[in-house]
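See below for the structure under consideration.
The values are calculated or read from the model by the stated rules, or taken from the named source; none is laboratory data. The shown structure was predicted, so the numbers you read here are calculated from the model rather than taken from an experiment. Positions of Cβ are generated from backbone atoms using ideal geometry, with glycine treated the same way; all protein chains shown enter the neighbour counts. Heavy atoms of the whole protein, side chains included, go into the accessibility calculation; ligands, DNA and RNA do not. Shrake-Rupley method; radii C 1.70, N 1.55, O 1.52, S 1.80 Å.
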Amino acid sequence: MRSEIPNTQAPNDRGLDSALRTPHSALLGWLALVSLTFRRHWRVRALGWVTTGLLAIMAVAVGLVTHVRDGWSFGGRRAVVASTSHRGVDVMSYRQYTRDRLTYYQSLPGPVPQFAVTSAAFAPFRALMADESFQNDYAFLSFSRWVVFGLYLGFLLPLFNLAFASGAVGADREGRTLVWLLTRPLPRWAIYLAKFVGVLPWCLLISVVGFAILCSAGGQLGRSAFATYWPAVGMGSVGFAALFQLVGAVFRRPAVLGLVYIFFFETLVANLPGSLKQLSLNYYVRSLMYNEASGVSRATATESLDVYAPADSTTSWVMLALAAAALTGLGMWLFSRAEPKDET
């Protein structure tokens, strides 16, 4: 019975070995490994294709909502009211709700009560519907809440980074080239850092381009959202890339663990009151976006965006940068001490 010999050949690249034979070989070899990592990660892995498909579906849905009547504006908001039908409740637009209530009040006997009740009941609503600045702010915050905070930040941004960053080291383990990589005359911590530097541009590119595609489906609102939130998206991508490369280097099934983390920790904890949410990367990205939204909108962002006790912008930037540095440092330390083995 023939025994299976691990593949320790170089992954179709001689640049790293050549660089290590020249003067200043350590630095040149490290740069060659960065270049090799960058060139190898242009391929989209299976999870990347799944996330791209989700992006396409969500973009179509956002486009449909944007181009229907009222779209993300206050007039398109739905009201849940009691009903005498067998369903128990009815869901209708605020415009229809207003018309129904107005018909009811106009049916009241006597001209004075009718005028007084209808004026008192509908004066604030009519003022809001006639205020163009309120309408624009409400539409922007509604788009931000459901599309940016809900669809993109809640699901797509972590998934994009999981798809690419988890393969920085994991792809070498699955491709059975990890033994070859570890035999190069470079410290293991330097190999881990080179992998992170090589894969980070792809994470940033895919995250920002994916955000641009989703926002483009929202028309003018989407363009305003992209201009407002893209720096927070980029910084969030750095933090998630550092986290998921660590997961990919330590665990053999990083995609499974990453999905559990995204859907059960980031999605839930970042939205909870209390101090536990401060352990979530999502919380600080949300805080950055919240502060940016507060700066461009005169409406009350707290009620519209559902961010509980957001951190200020400076704190959010610092915490995301420290988290990325700490996760990368932890990964370098663990990768140096562990004894990685090829996938069999």
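Which of the trypsin sites (Lys or Arg not before Pro) across segment 36-67 are loop residues per DSSP, with 15 or fewer other Cβ within 10 Å?
Qualifying residues, ordered by number: Arg43.
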### Query
Which whole-angstrom value gives the distance between the alpha carbon centres of segment 168-191 and segment 196-249?
27
### Message
Around Leu259, under 12 Å between beta carbons, what's the net of Lys plus Arg minus Asp minus Glu among the other residues?
### Response
0
### Task
Can you work out the accessible area per residue across segment 189-229, with the rest of the protein chains kept in place, probe 1.4 Å, in square angstrom?
35
### Message
Could you put Ile213, Ile57, Ile206 in order of accessible surface area, largest first, with the 1.4 Å probe and the full protein assembly present?
### Response
Ile57, Ile213, Ile206
### Task
Just grab the label-to-label distance for Phe38 and Glu174, each label 7 Å out from Cα along the Cβ direction, in nm (one decimal).
2.3
### Query
Once both labels are modelled 7 Å past Cα along the beta-carbon direction, what's the Ser275-Leu27 spacing in nm?
4.5
### Residues Ala325 and Ala227, FRET efficiency given R0 of 41 Å [Cβ-Cβ distance, rounded to 0.05]
0.90
### Query
Going by the alpha-carbon gyration tensor, a ≥ b ≥ c the square roots of its eigenvalues, is segment 162-256 rounded (a/c under 1.5) or, if a/c is not under 1.5, prolate (a/b greater than b/c) versus oblate?
prolate
### Query
How many nm is it between the label spots at Leu259 and Val68, if each spot is 7 Å from the Cα in line with the beta carbon?
3.0
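What does the charge count near Ser237 come to, summing +1 for each Lys or Arg and -1 for each Asp or Glu among other residues with Cβ under 15 Å from its Cβ? Could the numbers behind the result be given before it?
On the way: positive: Arg286; negative: Glu266.
Here the charged neighbours net out to 0.
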### Task
Determine the sum of side-chain charges near Trp317: Lys and Arg each +1, Asp and Glu each -1, restricted to other residues whose C-beta is under 14 angstrom from that of Trp317.
-1
### Task
Could you work out the relative contact order of segment 179-305, using alpha carbon pairs under 8 angstrom and six or more residues apart, expressed as a whole percent?
19
